Each structure stands twice: as structure tokens, then as C-alpha cells.
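The values are calculated or read from the model by the stated rules, or taken from the named source; none is laboratory data. All values reported here derive from a predicted model rather than from experimental measurement. Using ideal geometry, Cβ is built from the backbone for each residue, glycine included, and neighbour counts are taken over all protein chains shown. Only protein heavy atoms, including side chains, enter the accessible area calculation; ligands, DNA and RNA are left aside. Shrake-Rupley method; radii C 1.70, N 1.55, O 1.52, S 1.80 Å.
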Amino acid sequence: MNNSQLVWFNEVDKDDILLVGGKGANLGEMTKADFPIPFGFVVTSQAFNEFIKTNNLKKRIKDILTNLNYESQNEIREKSQQIRLLISSSDLPKKLINSIVSYYHNLATKEEQYLKKKTSVLNTSFHKLKTIYKLPYVAVRSSATSEDSPKASFAGQQDTYLNVKGETDLIHKIRDCWASLYTDRSIYYRKQQKISEEGLSIAIIVQRMIQSEKSGIAFSINPITGNKETLVIEAVYGLGEYIVQGKVTPDYYEVNKRSMEILKKKINAQKIMLKKTNKKTKEFKIKSKIGKQQKLTDEEIIKLTIIIKDIEKHYFFPQDIEWSLENNNLFVIQSRPITTLIKSRTKKNYTDLEYKSNISEDNIIASGDPASPGIAAGRVVIIKSPREIYKIKEGDIMVSPQTDPDYVQAMKKASAIITEKGGRTSHAAIVSRELGIPAIVGVEDALTILKEGQAVKVNGLEGNIYRIRPDEIKTIQLNSQKDEVQKPVKNLKTLTRIYVNLSEPDQAEEVSKKNVDGIGLLRAEFIIADIGIHPKQFIKQNKQSEFVDILYKKLLTFAKAFAPRPVIYRATDFKTNEYRHLKGGENYEQKEENPMLGFRGAIRYINNPDVFKLELQALKKIWDKEYRNIHLMIPFLRRPWELIKIKDIIDEEGMNELPGFKLFIMVEVPSVALELEEFLKIGVDGVSIGTNDLTMMVLGLDRDNENVSDLYDERVPAVVGLLQHIIKTCIKYNIDCGICGQAASDYPDLVEKLIEAGITSLSVNTDAIDRTRELVFNIEKRHSRK
């Protein structure tokens, strides 16, 4: 992309972050992918840089920030006001003003032209809208060049202006948005995130304004528990800013992504809403009868679920999505990576089964919606506005009317956050999860129930607040994780090995402490996605050693944490559409009609041995580091000759010379299951059954397709019979046979049949380790008596 000062959404994509910022890049990417995005344009970072240069502001801003005391709220506020006044009193170059006015006047025409060329598969009525105005109302939003990354969201740190109309008002709001790069909360947030002020820039989104009848936020996974099988939607009447600001407590819906079943609904009464009247955005009261109703119909929830799933599939990373409903049309306002999967003080992936408080329910004094997991104890400090955040001292429990990004300085010191209003997807809730601070929102009358200085314990996953004695605070603070995480009653031992499926290095250390025999499936895809660049791009730039070193360091985390227990690394099984999403991917990956059955798995290693060898070199480097517990598994084989060629490549890289190194294959394709003896004769050390793909291909369906997903079931006789055949064949050749698909985590009845058949290991999700161990223990105990 060139250094244009203004660009239309459909002219940019995810590779243009430095030009249009995180928000602008995502809006461009989704516009090109034909998601229902209100059209608009971006005043790019190049325009901001030119504005700063023309007005000689760079040195003046730097001088103001020099020697700033970031722990002084008053000093940060004073410096912020100085910088914002500098920006708001400076003139825009006339050429830039003329360009902005021209783009604004052409917005309606440009959108109409663009829509005529597109046919949305998600929401066809979107293209029949008749709400395109000659001079439209627009939303003006910031898009910082450091924001919306998988590391930090910049949630609520810069300003947003709604229902902007007219040339003069638009110019003023763009300048105000630029100035909001230096709000006191933004300056403090960047310091906490270790983001340098040097070279800082910002782009501005100008987007057709949706007059939302309903709006909200959605997460494509459960942000509290980390459960990737469910998604979360929050909804309110009117514009979504009141969710962002925490002024209302939204409805909460939880949906199973595979079955599309609505698992949970929590309907919260809404008393006020934000909407446009005439030329202004105003707050309105809602009639009690209407405010208590479910905000989205079940049909609307499912329609939105489909869009959320497709956006996550497009990005191949969990997404935080803002949406709106206008005239029965669903729109996506923006989407960004969920940042809170990475940062947590405890580095723990909490689940409902393993995080119960040991304090009697009689001591519960208040409850609300869990917003950030964790256990904390301290004294209650009530603050009613950001001006009072100086009252918060290290370890206090902060109680406030609503969440707001202006509270971040206090949140950093607090051990937990409690609010009367707000939802689990409010901006401040996101930031609290980034900081790893337990948070509970929507606690009705919290400021009345909880007393200043009162000793309380907060369970951020349950959503409960407990009464405790003051002398218990220190003990709970020191031992919260030990006290609160439910441990297995016994350290059970089983003949069948219980492995874990894992993909994120941040979880390795914590999960390794569980009663688990190793990693049965270490997925490469999330690690490669985190690197973010296509391996062939590294090769093209002659940076192979850089790729190998990054992969080595990430894999070493698992090997060290689990040593001497085995770690079975499944080589990359990206499909072409997933590889295309990596930087540079479009240069190396063709478009396939059916990527699931296309160029993936074993055949890629044969056709692209240069990439496969980089993975092997990373593994070998770990062995050279004296960690001899990491092994290799080949996914998605189809024919025996593929295994022969792959073994030759492995031999070329000297892997067979490593004493104790093992090679596993996955059985995911029916042909491999039926011809398994031919593969075993070639020589492998073990087999792992991938029930997800195997079941899909046996039944001839895509489990992610809502039209046929109800037919997906690993327990049907055809699949169970094939599983038993695979196990029987492995026993004949005296090699290990495990299972690593979802079925091992979900179906106790199927587990019993596999153990009866003689399976040697089960690899399950982290939340299923203890219950699977106990289940297997009881099954083996019953069979020993026979």
C-alpha cells in the first residue's frame, strides 16, 4: 500500500496496520472478505504524521513527556491537557482538509458502487439498504498503529464520536481523535504495555453511522474460561457505547459453536439507552416492561453466531467483535484479536469444574457477572469517579459504580475489581483481564451492600463475593491459587496413559503440574499463527535460521516443562486458506474450493521439503539442548508411499541418529485406517487417531456446517468399528495406539469401548484431565475384577 493520506476500506487489509492502524486494517480486511461492514474511509497515519510535522509538534510533545512521573495521576493529567491543547489548536493542512471533504461527499456514492459489485453470503439484505444518505451521519473512531494486536487491545483508550454530520464538525472530530492519542489514560496504558512514545502514530476511521436498535459485543470463545467450544454475545438496546462505558449491564448469551445450541441466557433489565434524536445522541429512559425483555431473539442470536464463527475462521484467531442491528440487518462494526488469552498473573486456563471457592456459601454477601478469573482478598475501597482513584492502595478491592478505562491506574494497584454496572465484554473488563486482575461486574447495589474497609474475598470465575475476617486477607493473598483450585482427591494411577492436547506455550508450565503423563498432541498451528509470517517468506528472505530459532524457543518451553515425560509434536497441518492468512501467504498459497480435502498434511512435506526441514531443525536443536522427550507426529497421511518419502527427509536431517527419537503417524483418513498394516510395515513407533477428521470423512460431512453438523457423532457404529480395527491392528504390530480427538474428552461411553479394545493412551483437553483419569481408573478397576 502506498503512503496515501486517505484510503477507502476496500483498498487496505490486515497488512496495512502501519498505515491505517489496527482497527482500520481489520475493517479493510473484513470489507474485502465481504462481511457486513458499514462502508467508510481512513484518514491514515501518514496524514497525522504530516499534521505533526507541519505544526512542528514532535519535539514539543517529547519535551512535555520528558521526566514524567507515571505514578502521579495529577502530573499525567496536566501533561495530557498540555499536549491535547497543542493538537486541538493546530491547523490541518488545506490540502488534507479538501481531501477529507471530498471523501466525505463521495462516501454514499462509493459505498453504493462497492455494494453493487458484492454479494454477501452472510447477510444478503445488507446490500438492499436504502439508508445511504447524500451527506451521511458518520462515526469517527481512532485507530492507533499499535492497537488491536494479539498482545494489547488499547481498549477504550482513545475517543470515539458518534453521529457526526457536516464538513466542519467532521474536521473538528478528526482533530479531537488525534488529540485523544494523548489522554491521560492512553499515556499511562502505553507505559504499562511498554509501548514507546517514539514514532507513535494514529489513523482515524470515518464510517457510515449505524443507528442501532440493538447492539453489543461478542467473543468467538469464552473469554473467562478460555473454552473454545462456545462463544459469548452481549446485547443492549440502542447504541453500544453504554456497554463500552459500563453504564448498563447487557444481556448475556452463550452458544455452542458446533451444535449452535444456546447454552445460557442471562437477561438483565435495562433502564436507559443511547440513541440519536434529530442531530444529537441522547440518553433515553426505557419502559420497565421493555427493558426486562430478552434483547435479541433466538433467531438473531443464531444469525449473529454464524457471522462470528465465519470471522474467527477467516482470521484463524479468537476475535472480539462489535456488532449492531439496524432495520433487521446485522452489521459488524469492528473485530480485533482477543488479547486476554495471553496475559494472566496466574497463567492459568480456568474452567468451571476446577475453580470453586472453599468458603461456605453462607458467607456470600453479593454476586454478579464474572468478568475476569482469579482469586483475591483485600479491603473494600469505594470510588465513585476517576478523581478518587488516588484512594486505591496496593492490594485493595476496588468497588465502583461502573467500569471505565479512566480507572486503569487504580486497577493496576487493586487486587480485584467490583462494579455495579457493566458487562463481561466492556472495555475496562477486557483491560482487567489483560492485567490479570479478578473482576466481577453487574453487582446490583454493590456500593450499598459493601462497606468501606470491609474485608472480602472475590472469586472472579464464580462471580461471588465472600465475607471474611481481616486476619484472613494475607493468607488468602499468599495462597489464593493453592486454596482456590480444586485438586483431585487422589493422585490416581492408570495403566492407560492420560496425555493432554496443548498448543499455547504460556500454558505449558501450569498444565505440566497436573496429573498428566505428557503431551499427546502439541499442535503447531497456533505457534505458527503466533509467528504470523508464512515460512516460505522466511526462506525467500534468507531468514530460515530466524524461523527455526523462534519455533525452537516456543517448543523448548513445552519440552522443559514436561521433561522427562513425552511431548509429541504434530507437524504443521495448516490448510491453504489458513496459510494464506499469514503474512506473505497469498504469494505461496492457491485458493482451494475445499481446503479440508486439499493440499495439507503429509503431501505438503513432500512437495515443500524446505519448509518441513525447518520444523525438523527446530526439533533437532531441542535434542541438542539435551531435552530428549520431544517427538514427531505426521498428520493427514493418505497413502503408504507418502510415509516412505517423509521418512527419507527425516533421515536426511539426521533425526534417525537421535537415540530414542520416535516417529508417530495420525490416522485421520479412512484409507489409512483400512490400509494401516501397510503403514506399520514401513515402520513407525506409534499411532494417534484423530477422531475429528476421521469421523467427518467416514460420515461424509463437515462438522462446522450448521446444515449437517447435527449428524456428526463419533459414537456411531461405523466410526466405533473403525476405531476398534485400528487398535486391533496396532496390538498385532505391538506399537502404541492413542486417540487425540475431541471424543476422548467428551464421551465416557466411547472411552470405555476404547479401553476394552486395548488403546494405550488418551490425549484430552486440559479441562478434562482429572475427570478422564478418574473415569479410566474406574473402568480399569471394573475390568480387573472380571
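Quick look at the values:
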quantity: Residue match in region 688-703 (condition: in contact with a helix residue (DSSP H, G or I) (Cβ under 6 Å, 6 or more places away or on another chain), over 25 Å from Gly518 (Cα atoms) and either without any contact (Cβ under 8 Å) to a residue 12 or more places away in the chain or small (Gly, Ala, Ser) (or both)); calculated: yes
quantity: Which listed residue, of Tyr569, Tyr605, is hydroxyl-bearing (Ser, Thr, Tyr) and within 26 Å of the chain's Cα centre (by Cα); calculated: Tyr569
quantity: Residue within region 42-51 that is more than 26 Å from Ile308 (Cβ to Cβ), outside any helix (DSSP H, G or I) and under 27 Å from the mean Cα position of the chain (by Cα) present; calculated: yes
quantity: The lone exception for Phe574 - which of (1) out of contact with any Phe, Trp or Tyr (no Cβ under 7 Å at 6 or more places or on another chain); (2) outside any loop (DSSP other than H, G, I, E, B); (3) crowded, with 17+ Cβ neighbours inside 10 Å it fails; calculated: (2)
quantity: Output for region 539-588, where each listed residue is aromatic (Phe, Trp, Tyr) and within 19 Å of Ala529 (Cβ to Cβ); calculated: Phe547, Tyr552, Phe558, Tyr569, Phe574, Tyr579, Tyr588
quantity: Among (1) touching a residue at least 40 places away in the same chain (Cβ under 8 Å); (2) outside any helix (DSSP H, G or I), the one test that Asp610 misses; calculated: (2)
quantity: Leading residue by the ranking (surrounded by the fewest Cβ atoms within 10 Å (Cβ to Cβ)) among those in region 589-608 that are at pLDDT below 90 and closer than 20 Å to Ile539 by Cα; calculated: Gln590
quantity: Residue count, region 622-656 (criterion: over 14 Å from Phe612 (Cα atoms), outside any helix (DSSP H, G or I) and β-branched (Val, Ile, Thr)); calculated: 1
quantity: Among residues of region 741-775, those that are open to solvent by 20 Å² or more (accessible area, probe 1.4 Å) and in contact (Cβ under 8 Å) with a residue 60 or more places away in the chain, counted; calculated: 8
quantity: Strands (runs of 3 or more DSSP E) within region 171-285 that include 2 or more residues open to solvent by 20 Å² or more (accessible area, probe 1.4 Å); calculated: 251-256, 262-266, 272-277, 280-285
quantity: Near pairs, Cβ below 7 angstrom, 6+ apart or cross-chain, from region 215-235 (under 16 Å from Lys313 (Cβ atoms) and in contact (Cβ under 8 Å) with a residue 12 or more places away in the chain) to any residue that is part of a strand (DSSP E or B) and open to solvent by 10 Å² or more (accessible area, probe 1.4 Å); calculated: Glu229/Asn256; Thr230/Glu254; Thr230/Asn256; Thr230/Leu263
quantity: Criterion (touching a helix residue (DSSP H, G or I) at 6+ places or on another chain (Cβ under 6 Å), closer than 16 Å to Ala446 by Cβ and buried (at least 24 other Cβ atoms within 10 Å of the Cβ)) met by exactly one of Ile417, Ile375, Ile397; calculated: Ile417
quantity: Residue that is nearest to the chain's Cα centre (by Cα), among those in region 308-324 that are buried (at least 21 other Cβ atoms within 10 Å of the Cβ) and within 25 Å of Lys275 (Cβ to Cβ); calculated: Asp320
quantity: Matching residues in region 292-306 - criterion: being in contact (Cβ under 8 Å) with a residue 24 or more places away in the chain, part of a helix (DSSP H, G or I) and either of a type in the set (Asp, Glu) or surrounded by 19 or more Cβ atoms within 10 Å (Cβ to Cβ) (or both); calculated: Asp298, Glu300, Ile301, Leu304, Thr305
quantity: In region 278-296, the residues that are among the polar types (S, T, N, Q) and under 18 Å from Lys247 (Cβ atoms); calculated: Thr281, Ser288
quantity: In region 17-58, residue surrounded by the most Cβ atoms within 10 Å (Cβ to Cβ) [restricted to those that are charged (D, E, K, R) and over 14 Å from Ala144 (Cβ atoms)]; calculated: Glu29
quantity: Single residue of region 709-740 satisfying the filter (out of contact with any strand residue (DSSP E or B) (no Cβ under 7 Å at 6 or more places or on another chain) and outside any helix (DSSP H, G or I)) that is surrounded by the fewest Cβ atoms within 10 Å (Cβ to Cβ); calculated: Asn734
quantity: Top-ranked residue of region 544-568 - restricted to ones that are open to solvent by 50 Å² or more (accessible area, probe 1.4 Å) and outside any helix (DSSP H, G or I), ranked as nearest to Asn501 (Cα to Cα); calculated: Arg565
quantity: Cβ pairs under 7 Å, 6+ apart, first in region 504-516 and assigned to a helix (DSSP H, G or I), second open to solvent by 40 Å² or more (accessible area, probe 1.4 Å) and modelled with pLDDT of 90 or more; calculated: Pro505/Lys554; Pro505/Thr557; Ala508/Thr557
